[in-house]
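Novice: Below you'll find the structure I mean.
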Ligand code: HMG
Ligand code: MG
């Protein structure tokens, strides 16, 4: 199959990237990261999550971050909302501070659903349904994240049929597009394609994105495997930040810098300025006191210094 000629990336760094950080990161730093990402050309940014601060303390400043960002026209800003409480908090601010898109997040694995959001898959769908309806009614877009579509830290390998089942449930409550997530980064190309194919039975290819953690170094090749199926939306984190506090041992998302380097090298447009993106990754990494977790960033910075 001919590969897509352009790709849309959602940088999930400010949310997925930072949620797992033990050291407190100030709202100003998070806002600074969002600004640098939009300046680099990202058209979609996952900014924060409206979850319980007891579960994920790092995201407790969600409203402050949403208030502080200066929005760039045309950019879509999304937030995670697991229940009505989270949704109501996300729209408690004036309308101009509302997210453009909310994300309900479920799992193809029962055990992960329990650990991450404290309820079964069926209960999660019951909780999401009114959130989805309320968001659509207010003109806010709705995405559904599907965790553990290839493997689960508690249940091991996940059958594609479970992914298809979750996709069908998401579709049934009005979710507009879904992320096929390899939460713990265990997937390999054929397994990722099987999860994508199970999702394609319920969602159009334009409504599916890949969300690959890079624990086993497979995220780029899994991205290519998804591109081969025509998928052209992907999520990644600048500087390769990320991880889920309820998925022990899982490392960050694939670095946005590495995905952009690969795509541009293949002649696939992203609209992103790789140099500015690298600087955004350096900014957040310096704030965290570490090196960016991106090989492309390292190579290009070495060349710059040379
Ligand atoms: P629960 O304890 O079952 O909720 O948590 P509850 O309704 O029984 O309420 C208990 C307490 O939490 C109450 O407070 C509520 O008010 C409060 P208390 O009376 O004890 O003081 N509460 C909330 N507070 C703020 N915002 C809310 C909210 N809801 C209830 N929205 C809940 C259920 C979902 C809230 C909890 O399990 C939670 O917050 N989990 C966090 C999950 C999370 O953020 N995980 C990481 C993101 S998912 C991810 O990273 C995967 C992804 O990247 C894709 C992939 O890679 O797979 C998306
Ligand atoms: Mg994730």
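The values are calculated or read from the model by the stated rules, or taken from the named source; none is laboratory data. Quantities reported herein were computed from a predicted structural model and do not represent experimental measurements. No Cβ is skipped: glycine too gets one built from the backbone with ideal geometry, and neighbour counts run over all protein chains shown.
Novice: Given the conditions (1) within 16 Å of residue 160 (Cα to Cα); (2) within 16 Å of ligand 1 (Cβ to nearest atom); (3) not in a helix (DSSP H, G or I), which single one is not true for residue 202?
Specialist: Unmet condition: (2).
Novice: Test residue 96 against the stated conditions and say whether it is under 24 Å from residue 38 (Cα atoms), assigned to a helix (DSSP H, G or I), more than 12 Å from ligand 1 (Cβ to nearest atom) and more than 20 Å from the chain's Cα centre (by Cα).
Specialist: Here the answer is yes, as residue 96 does meet what is asked.
Residue by residue, here is whether (1) surrounded by 22 or more Cβ atoms within 10 Å (Cβ to Cβ); (2) touching a residue at least 12 places away in the same chain (Cβ under 8 Å); (3) within 16 Å of ligand 2 (Cβ to nearest atom); (4) closer than 21 Å to residue 255 by Cα holds:
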{"residue": "14", "(1), (2), (3), (4)": "yes, yes, yes, yes"}
{"residue": "33", "(1), (2), (3), (4)": "yes, yes, no, yes"}
{"residue": "51", "(1), (2), (3), (4)": "yes, yes, yes, no"}
{"residue": "55", "(1), (2), (3), (4)": "no, yes, yes, no"}
{"residue": "63", "(1), (2), (3), (4)": "no, yes, no, no"}
{"residue": "72", "(1), (2), (3), (4)": "no, yes, no, no"}
{"residue": "76", "(1), (2), (3), (4)": "no, yes, no, yes"}
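Novice: Which numbered condition trips up residue 207, out of (1) more than 19 Å from residue 80 (Cα to Cα); (2) touching a residue at least 12 places away in the same chain (Cβ under 8 Å); (3) surrounded by fewer than 24 Cβ atoms within 10 Å (Cβ to Cβ)?
Specialist: Single failed check for residue 207: (1).
Listed here are the residues, each with its yes/no results for (1) closer than 30 Å to residue 121 by Cβ; (2) part of a helix (DSSP H, G or I); (3) modelled with pLDDT under 95.
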{"position": "14", "(1), (2), (3)": "yes, yes, no"}
{"position": "34", "(1), (2), (3)": "no, yes, no"}
{"position": "41", "(1), (2), (3)": "no, no, no"}
{"position": "53", "(1), (2), (3)": "yes, no, no"}
{"position": "64", "(1), (2), (3)": "no, yes, no"}
{"position": "82", "(1), (2), (3)": "yes, no, no"}
{"position": "87", "(1), (2), (3)": "yes, yes, no"}
{"position": "92", "(1), (2), (3)": "yes, no, no"}
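Novice: Moving on. For region 100-118: of the residues being within 10 Å of ligand 1 (Cβ to nearest atom) and part of a strand (DSSP E or B), which is surrounded by the most Cβ atoms within 10 Å (Cβ to Cβ)?
Specialist: 107
Novice: While we're on this one: Please indicate, with yes or no, whether at least one residue in region 140-155 is assigned to a strand (DSSP E or B) and at positive phi.
Specialist: Initial filter on region 140-155 (assigned to a strand (DSSP E or B)): 141-147, 151-152.
Then drop every residue that is not at positive phi, which leaves none.
No, because not a single residue in region 140-155 is assigned to a strand (DSSP E or B) and at positive phi.
Novice: Just checking, how many residues over region 239-271 are within 14 Å of ligand 2 (Cβ to nearest atom), part of a helix (DSSP H, G or I) and touching a helix residue (DSSP H, G or I) at 6+ places or on another chain (Cβ under 7 Å)?
Specialist: Start the filter on region 239-271 by keeping residues that are within 14 Å of ligand 2 (Cβ to nearest atom), which leaves 240-256.
Going one step further and asking which of them are part of a helix (DSSP H, G or I), we end up with 240, 256.
Now drop any that are not touching a helix residue (DSSP H, G or I) at 6+ places or on another chain (Cβ under 7 Å), which leaves 256.
The qualifying residues number 1.
Novice: Here is a further query. Considering only residues that are away from ligand 1 (no atom under 11 Å from the Cβ) and buried (at least 23 other Cβ atoms within 10 Å of the Cβ), which ones fall in region 133-150? Full working, then the answer.
Specialist: Looking only at region 133-150, we keep the residues that are away from ligand 1 (no atom under 11 Å from the Cβ), and these are 133-142.
If the condition is that a residue be away from ligand 1 (no atom under 11 Å from the Cβ) and buried (at least 23 other Cβ atoms within 10 Å of the Cβ), then 135, 142 are the ones that fit.
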